[in-house]
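For reference, the structure is listed below as structure tokens.
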Amino acid sequence: MSWPDGWILIPLLPLLAALWIGVGMLTGGRVGEAGERGTARIALFAVGGSLLALLLLDLMALIQGPPGHRIYFPWLVSGEFRVTVSLLLDRPGLFMATLSAAGCLVTLRFSVEYLHREAGFHRFFAILSLFAGGMLTIALAGNLVITFIGWELAGLASYLLISYMRDRATAAENATRAFVTNRFGDAGLLLAMAMAVMWGAGLEWPELFLASHQHLSPPVPIVAFGLVIAALAKSAQLPFSAWIARALEGPTPSSAVFYGALMAHAGIFLVIRAEPLLWHAPVLMALLLLLGMLTAVFASAIGRVQTDVKSALIYATLAQLGLMFAACGAGYFDLALWHLVAHASWRLYQFLLSPSYLHLGEGAVRPVPEWLGQSHDLYNLALHRGWLDTLTDALITRPTMALARDARMFEELVINRMAGRPLRETLLAARAEWNDFSTVVEGSGIGVAGGRGMFGRVLERAALVLSWIEEQFVLKSSGDGLVKVLAFLGSYLTRAEQSLGETRYLILMIVLTFLIIL
């Protein structure tokens, strides 16, 4: 039996729903309470359709086996380099895709009443549909490029929903922290893709797995290393754990589906997907085991001193994710997959129920365990979350934001002045003055000795030009002319010299050095 090609609609349906809702918002067709029902129906039907198709695919896979790798059409071809639109419909992918579609559908249905009459109702459903499409793309991607596209769609949706309350400065700051930290994971995926292409193994997952068995060369661990970095950042494992607590700034449904159920588990899914590569990188598996256990202990201790329900749940999630990474490091990838599905389902339920916990809870907050309370240093470490927030802000977030501010200032003060209208007006005025420089000189009272003969007249004209330049650019007062230009350039040179010694530029130089080496 030949499998139909319609399975590509599974990740496309939520993306089309997000596009439809977004266009409706831009054209004014979906605004206010009157349009809520239509927006909700579009999102629910799209994600529900994907879930029904996945359930049918799961049933067919149980009877006849998974369809496997499906290539639909070439996307980019340049010489021997080829990128296709493809899906990998295997056991791990179907597990993760079914979980993603079901989790998003439940969250969307919960959000219909939870966000009723919210000003950002339509925006929320558009972004959540975008996230559903991104997660389904990650789960079913047939190559690294499609995986990266899904990775970025999910990350973009996460950023937009953390900053859902965009009028609040805290929401924007926390969204930026999460966004900046996850760029390290994106760099890992880009490194894996670049090494796979340089290695000549191709970007399709099956080709990459086959090549890893045939060519046990250094690029195999490097590709696996890039994927591991991406997974650690997305699942907030040490040392990237600081951002996930900040990400709870968004509405409860987004916290539930993003960090309790799906997106935080995308990292461990990527590790499970890369199992054939990791078997050839024992050092990386040992690293996964170590970081997973450290994260589990770290998050467990921090979770026991939290006083709000969402923070306690997110650190409980982080601890469980650490155990999944440790299981993969020990070689139990199937156990990690089952753990992922069971934990994500249960944690989604707990997060969606968290607003009710605030009303159902009675009595004092749970006391700190005796073993933690007796150790002042350990309690202080847990209370301050290992000071990872401070370290991340000092080493990553603030330098990156400062670098962005400097780039914007450079654009406003230099690029815009070079390409904008004020500069053109200045040049036109200067040209007019140049054409009439004789009149300008005579009106200013500048005296130049007259010359005789051709040579004398040339010297006279040159003297007039130099006198005009001196008058216009050197002798002008009030900071005009050449003095102003030199002062302007000097201030930028001084600022550049000072900035080169700051942390953000040192980090940038280190990153550029590694890129050049690679």
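Scan region 88-140 for residues that are of a type in the set (Val, Ile, Thr) and touching a Gly at 6+ places or on another chain (Cβ under 7 Å) and jot them down.
Looking only at region 88-140, we keep the residues that are of a type in the set (Val, Ile, Thr), and these are 98, 106-107, 112, 127, 137-138.
137, 138, listed by residue number.
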*Kindly indicate whether any position in region 93-116 is within 22 Å of the chain's Cα centre (by Cα) and charged (D, E, K, R).*
no
*asked:* For a quick check of your reading of the model, give me the residue pairs whose first member lies in region 54-65 and is at negative phi, whose second is in a helix (DSSP H, G or I) and basic (Lys, Arg), with beta-carbon atoms closer than 8 Å and at least 6 apart or on different chains.
replied: 61/91
*Could you check residue 157 against (1) within 14 Å of residue 17 (Cβ to Cβ); (2) open to solvent by less than 10 Å² (accessible area, probe 1.4 Å); (3) out of contact with any helix residue (DSSP H, G or I) (no Cβ under 6 Å at 6 or more places or on another chain) and say which number it fails?*
(3)
*In region 251-285, what count of residues is obtained for those that are open to solvent by 10 Å² or more (accessible area, probe 1.4 Å) and either closer than 25 Å to residue 390 by Cβ or not in a helix (DSSP H, G or I) (or both)?*
3
*State whether the residues of region 286-304 include one that is in contact (Cβ under 8 Å) with a residue 12 or more places away in the chain, under 25 Å from residue 156 (Cβ atoms) and either crowded, with 22+ Cβ neighbours inside 10 Å or in contact with a Pro (Cβ under 6 Å, 6 or more places away or on another chain) (or both).*
no
*asked:* Just to verify a result, which residue in region 156-173, among those that are in a helix (DSSP H, G or I) and either β-branched (Val, Ile, Thr) or at pLDDT below 85 (or both), is farthest from residue 212 (Cα to Cα)?
replied: 169
*Please enumerate the residues belonging to region 367-399 that are open to solvent by 50 Å² or more (accessible area, probe 1.4 Å) and of a type in the set (A, V, I, L, M, F, W, C).*
368, 371, 378, 381, 383, 387, 391, 395
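The values are calculated or read from the model by the stated rules, or taken from the named source; none is laboratory data. Treat the numbers as computed from the prediction; the structure is a model and nothing was measured. Note that each Cβ is placed from the backbone with ideal geometry, even for glycine, and that neighbours are counted across all protein chains shown. When the accessible area is computed, the model is the full protein with side chains, heavy atoms only, and any ligands, DNA or RNA have been set aside. Shrake-Rupley method; radii C 1.70, N 1.55, O 1.52, S 1.80 Å.
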